[in-house]
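Chemist: Take this structure first; my questions come after.
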Amino acid sequence: MLQDIVWIVSLALMAVVGLGWGFVLLNSGAREENYAPLQQRAYRLRTRLFWGLVAVFGVPMVLTLSDLPYDAVRPAQAGGEAQVVDATGYMWRWELSEERIEAGRPVEFRVRSADINHGFAIYDEELKIVAQVQAMPGLTNTLRHTFTRPGTYRVLCLEYCGLGHHNMFAEFTVEERS
């Protein structure tokens, strides 16, 4: 549904660009004797176009960017103190310190690798990516996320790490708060 809307909007914007090119092409042969009025009209058109683009794209941009999962930069949530999960990547498995997580409470994943680079990605039950971070040897990366829906989540490796890469997964369960 959303993809169809984006497709239609993209086609409409391409049509507008095509009409603009056609307009310029049809009027490119006309010559102006007095350039100053033409320049003023062009500046007015450019200003209106700029503010029109801000009005059309500004609001959706702000609304969609505020939904990104950057809990680390948001103030502390009402969910309480963060649950800590240590996640270590090995060729070819993940080790998680916790297998049960409370929904609605922030979780801090401390992700590291014991051998080579791995991509730590959390997927929901529909296999849609929820959050991800890189796991690198000698470095601990922190990933903060608050799970709102209970269910079984899967951790997969996003970076090819060898022959057993396809078997590198772990699971944890997000449960309702008791």
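The values are calculated or read from the model by the stated rules, or taken from the named source; none is laboratory data. Owing to the predicted nature of the structure, the values given are computational and were not obtained by experimental measurement. FYI the Cβ positions are ideal-geometry reconstructions off the backbone, even for glycines, and counts take in every protein chain you see. For the accessible areas, the whole protein counts, side chains as well, though only heavy atoms, and no ligand, DNA or RNA atoms are used. Shrake-Rupley method; radii C 1.70, N 1.55, O 1.52, S 1.80 Å.
Chemist: I want to confirm something. Restricting to segment 89-108 and keeping residues that are assigned to a strand (DSSP E or B) and free of Cβ contacts under 8 Å to residues at least 40 places away in the same chain, which single residue is farthest from the chain's Cα centre (by Cα)? Walk me through it before giving the result.
Modeler: Just the residues of segment 89-108 that are assigned to a strand (DSSP E or B), to begin with: 89-90, 93-96, 100-102, 106-108.
Retained after the next criterion (residues that are free of Cβ contacts under 8 Å to residues at least 40 places away in the same chain): 90, 108.
Values: Tyr90: 26, Glu108: 19 Å.
Only one residue fits best here, namely Tyr90.
Chemist: Can you pull out every residue in segment 109-122 that is assigned to a strand (DSSP E or B) and open to solvent by 30 Å² or more (accessible area, probe 1.4 Å)?
Modeler: Residues of segment 109-122 that are assigned to a strand (DSSP E or B), as a first pass: 109-113, 118-122.
The answer is Arg110, Arg112.
Chemist: What number goes with the only condition from (1) at pLDDT below 90; (2) touching a Phe, Trp or Tyr at 6+ places or on another chain (Cβ under 9 Å) that Ile5 does not pass?
Modeler: With (1) at pLDDT below 90; (2) touching a Phe, Trp or Tyr at 6+ places or on another chain (Cβ under 9 Å) applied to Ile5, the lone miss is (2).
Chemist: Could you tell me which numbered condition Arg48 fails, if it satisfies all but one of (1) modelled with pLDDT of 90 or more; (2) assigned to a loop (DSSP other than H, G, I, E, B)?
Modeler: (2)
Let's see how each residue does on (1) at pLDDT 95 or above; (2) under 30 Å from Gly164 (Cβ atoms); (3) in contact with a Lys or Arg (Cβ under 6 Å, 6 or more places away or on another chain):
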residue: Leu25; (1), (2), (3): no, no, no
residue: Ala36; (1), (2), (3): no, no, no
residue: Gly52; (1), (2), (3): no, no, no
residue: Leu63; (1), (2), (3): no, no, no
residue: Asp67; (1), (2), (3): no, no, no
residue: Ala72; (1), (2), (3): no, no, yes
residue: Gly80; (1), (2), (3): no, no, yes
residue: Asp86; (1), (2), (3): yes, yes, yes
residue: Val111; (1), (2), (3): yes, yes, no
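Chemist: Something else about it: Can you find even one residue in segment 130-149 that is in contact (Cβ under 8 Å) with a residue 60 or more places away in the chain, surrounded by 18 or more Cβ atoms within 10 Å (Cβ to Cβ) and under 12 Å from Trp94 (Cβ atoms)?
Modeler: no
Chemist: For residues that are assigned to a loop (DSSP other than H, G, I, E, B) and aromatic (Phe, Trp, Tyr), scanning just segment 136-178, find the one that is farthest from the chain's Cα centre (by Cα). Before the answer, list the steps.
Modeler: At the first step, the residues of segment 136-178 found to be assigned to a loop (DSSP other than H, G, I, E, B) are 138, 140, 147-150, 158-164, 168, 176-178.
Checking which are aromatic (Phe, Trp, Tyr) leaves us with 147, 160.
Numbers: Phe147: 16, Tyr160: 21 Å.
Looking at residues that are assigned to a loop (DSSP other than H, G, I, E, B) and aromatic (Phe, Trp, Tyr), I get Tyr160.
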